[in-house]
Amino acid sequence: MKAADFEYRCPGTIDEVCELLHSRGSDARVLAGGQSLVPAMNLRLSSAELLIDINRVQELEGISLSDDEAYVRVGALARHAQVAESKLIAQHVPLVHEAMRYVAHPAIRNRGTCCGSLALADPSAEMPACAVTLNATLVLQSKSDGIRKVPAREFFFGLYDTARRDDELLIEVLWPCRKSHSRAGFNELSRRHGDFALVGIAAQCQIDNGRIKDLALVTFGTGPTPRLSAQAATVAEGRRPTPQLAQELATITADELDPDEVAEIEIKRHQTDALARRMLTKMFQEPGDAN
Amino acid sequence: MRTNQVAEITLTINGERGSFSVPVRRNLVDFLRHDVGLTGSHVGCEAGICGACNVRVDGAVVRGCLMFAVQANGRAVDTIEGITASGEAAELQQAFIERNALQCGYCTPGMLMTGLELVNSGRVVSRDEIREELSGNFCRCTGYHAIVDAIEHVVERSRK
């Protein structure tokens, strides 16, 4: 099918976008890569009275390292393909680099954006899971409040529901740079390469003197939002990274799935358990870095 | 709600510059087929899944059904007609023919677009990686074996 009719605007600056969102935000949809929005519009699952195309806003382009090297900024127009090829991301945010392998198909990656994926908050998408794992900072801008920064762990409210208000534009995401001795892992199950995950796992921790510190273990595709396991972090803290611990943590995350949120809970638990064990075992075994 | 908004756009299609009036809701592949008369790019699912409508915009392969024509204003669009006329796709097309990598041919323009992007990238790729790369293109008659064969052949040759 074709998208229903809409009004189209193509502003050239963030201020103009914010002005439009300020006056007409509740009727408007922001068009960046359009690789989720446009199919939804074509299928008539979604519609917009006003489509605000941000593709000409140059301020929203680019991937850059902050001066203090604390984070990598990914602008709202950075395509998945650019993130996948970015040396800055590969070096400083290995979790996202690893996750990009699972994001969609080539032609989709050429258009789709990292920030668009975050703003949409599809529960089986990779970028929200990475953002929660690393607690990335989402930077919103509006005419009334200017810049507002929201930690990823407070951004995702539910299915396609986030802390972004109708009058706000997600202008960039700030990915925290890896610390020394950190490890990251990512894996997912899907029916076809590049499709949305049936179950996915993302994790990061530090391994200092052979002991685990600050484990962030996230499952996604298993509920309305990426799920950070507080219990896994507590159990892993100070322990040695052994295959036995990987199994213990996998069981914890699988048990945490909520039968009210997931269909076929036993299958999802089994998949989560297997995937988490596989991924954590590999992550624990990787040789440590020299930092 | 109907706005019937129409936009004036100027773009380069297969190396030729042109100006058009398009309804803003018309997607790029419909525009190419109906307004420009380039029917080589095919319309399959209209939801970004099948890859039959793949075209290049500013050198990158994209889904023609997931971009509105108005978004191509000022951009350079290449279709299967363009890369055939220029000879850019000739080697890959020959490889498809030699290996019977098509039956009905509906998916072929999209397959060639995706395959050519892989060839042009100069990346060293395994068969598994070619399959991954093609995972966004559906073929409903031959299966993918001969298509992977054809792309692999050209990837290997272009590396030598």
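Looking across the range A:13-58, just one residue is more than 14 Å from every other protein chain (Cβ to nearest Cβ), surrounded by fewer than 17 Cβ atoms within 10 Å (Cβ to Cβ) and touching a helix residue (DSSP H, G or I) at 6+ places or on another chain (Cβ under 9 Å), and that is A:Thr13. Of all the residues in the range A:239-261, those that are over 23 Å from the mean Cα position of the chain (by Cα) and among the small types (Gly, Ala, Ser) number 1. If I filter the range B:131-160 down to residues being out of contact with any Pro (no Cβ under 8 Å at 6 or more places or on another chain) and of a type in the set (Gly, Ala, Ser), which single residue comes out as surrounded by the fewest Cβ atoms within 10 Å (Cβ to Cβ)? Only one residue tops the list, namely B:Gly143. Could you please let me know if A:Thr113 is of a type in the set (S, T, N, Q), in contact (Cβ under 8 Å) with a residue 60 or more places away in the chain, buried (at least 24 other Cβ atoms within 10 Å of the Cβ) and not assigned by TED's automatic domain parsing to the domain that holds A:Ala202? Against the criterion (of a type in the set (S, T, N, Q), in contact (Cβ under 8 Å) with a residue 60 or more places away in the chain, buried (at least 24 other Cβ atoms within 10 Å of the Cβ) and not assigned by TED's automatic domain parsing to the domain that holds A:Ala202), A:Thr113 qualifies. Please give the number of the condition B:Leu92 fails out of (1) more than 25 Å from B:Pro23 (Cα to Cα); (2) out of contact with any Gly (no Cβ under 7 Å at 6 or more places or on another chain); (3) away from every other protein chain (no Cβ under 13 Å); (4) in contact (Cβ under 8 Å) with a residue 60 or more places away in the chain. If we test B:Leu92 against (1) more than 25 Å from B:Pro23 (Cα to Cα); (2) out of contact with any Gly (no Cβ under 7 Å at 6 or more places or on another chain); (3) away from every other protein chain (no Cβ under 13 Å); (4) in contact (Cβ under 8 Å) with a residue 60 or more places away in the chain, just (2) comes out false. Hey, does the range A:205-219 have a residue that's farther than 16 Å from A:Leu257 by Cβ, surrounded by fewer than 23 Cβ atoms within 10 Å (Cβ to Cβ), within 14 Å of chain B (Cβ to nearest Cβ) and not basic (Lys, Arg)? Checking the range A:205-219: not a single residue is farther than 16 Å from A:Leu257 by Cβ, surrounded by fewer than 23 Cβ atoms within 10 Å (Cβ to Cβ), within 14 Å of chain B (Cβ to nearest Cβ) and not basic (Lys, Arg).
In a residue-by-residue description of the range B:1-12, the property of being closer than 28 Å to B:Cys139 by Cβ and more than 12 Å from chain A (Cβ to nearest Cβ) applies to no position. Only one of the listed residues (A:Ala3, A:Ala81) is within 18 Å of A:Trp175 (Cα to Cα), within 10 Å of chain B (Cβ to nearest Cβ) and without any contact (Cβ under 8 Å) to a residue 60 or more places away in the chain. That residue is A:Ala81. When the residues of the range B:15-42 are filtered to those that are under 20 Å from A:Arg111 (Cα atoms) and more than 10 Å from chain A (Cβ to nearest Cβ), the one that is surrounded by the fewest Cβ atoms within 10 Å (Cβ to Cβ) is B:His42.
One line per residue, one yes/no per condition, for (1) surrounded by 14 or more Cβ atoms within 10 Å (Cβ to Cβ); (2) small (Gly, Ala, Ser); (3) in contact with an Asp or Glu (Cβ under 8 Å, 6 or more places away or on another chain):
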position	(1), (2), (3)
A:Pro224	yes, no, yes
A:Gly238	no, yes, no
A:Asp255	no, no, no
A:Arg269	yes, no, yes
A:Met279	yes, no, no
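The condition of being assigned by TED's automatic domain parsing to the domain that holds A:Asp161 and either farther than 26 Å from B:Met111 by Cα or touching a residue at least 60 places away in the same chain (Cβ under 8 Å) (or both) holds for only one of A:Ser124, A:Ser46, that being A:Ser124.
The values are calculated or read from the model by the stated rules, or taken from the named source; none is laboratory data. Source: prediction; values computed, not measured. Methodologically, a virtual Cβ is constructed for each residue, glycine included, from the backbone with ideal geometry; neighbour enumeration extends over all protein chains shown.
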